[in-house]
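Q: Encoded as structure tokens, here's the structure I'll be asking about.
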Amino acid sequence: MDAERDPSLDTLLLLDGETFVIDPAGHYWVKFEAIRCEVTATRPHGLRYSLTLHDRANKRIVGFDNAHAVKAGKGPGARKPAAFDHTHRLRTIRPYDYIDAASLLTDFWKIVDAVLDERGVKR
């Protein structure tokens, strides 16, 4: 077995294309996209992903993805990260330190739970 293989990656890849309603009223849902891709400087883990939480107006309110570059910090001194991994929470975008698929899923659900709790959403 490859020592560098991420065993949790299989779980994430199985979620590709899945959408789950996560509240009884049907106002919030999560959507998963995850596919293998060529290993590059911007996607060193060989994975293209997007994990998102949407509200009833289909507005993305949480997202974890690696679709585009983001700056680390603000202003003219901000540096570009080596990878494209980042999070969206409402209008805030921050770099994300991708470790493995299990951590990505755990971190995503932590933020989703926090946002839903802030909104008083019962699950």
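The values are calculated or read from the model by the stated rules, or taken from the named source; none is laboratory data. Note that the structure is predicted; figures quoted are calculated from it, not measured. Here the Cβ is made from the backbone with ideal geometry for all residues, glycine too, and neighbour counts use every protein chain on show.
Q: With the condition being touching a helix residue (DSSP H, G or I) at 6+ places or on another chain (Cβ under 8 Å), buried (at least 18 other Cβ atoms within 10 Å of the Cβ) and at pLDDT 95 or above, I'd like the strands (runs of 3 or more DSSP E) fully within the stretch 1-55 carrying at least 2 qualifying residues.
A: Numbers: elements: 19-21, 29-36, 47-54.
Those strands (runs of 3 or more DSSP E) span 29-36, 47-54.
Q: List the number of the failed condition for Ala102; all other conditions in (1) modelled with pLDDT of 90 or more; (2) crowded, with 17+ Cβ neighbours inside 10 Å hold.
A: Checking Ala102 against (1) modelled with pLDDT of 90 or more; (2) crowded, with 17+ Cβ neighbours inside 10 Å, the one that fails is (2).
Q: Restricting attention to the stretch 29-54, which residues are closer than 12 Å to Thr19 by Cα and charged (D, E, K, R)?
A: Passing the criteria: Lys31, Glu33.
Q: Take the conditions modelled with pLDDT of 95 or more and surrounded by 18 or more Cβ atoms within 10 Å (Cβ to Cβ) and apply them to Val112. Does it pass?
A: Answer is yes for this residue.
Q: Then there's this: Identify all residues within the stretch 45-72 that are within 17 Å of Trp29 (Cβ to Cβ), among the charged types (D, E, K, R) and more than 14 Å from the chain's Cα centre (by Cα); write none if there are none.
A: Listed by number, the residues that qualify are Asp55, Arg56, Lys59.
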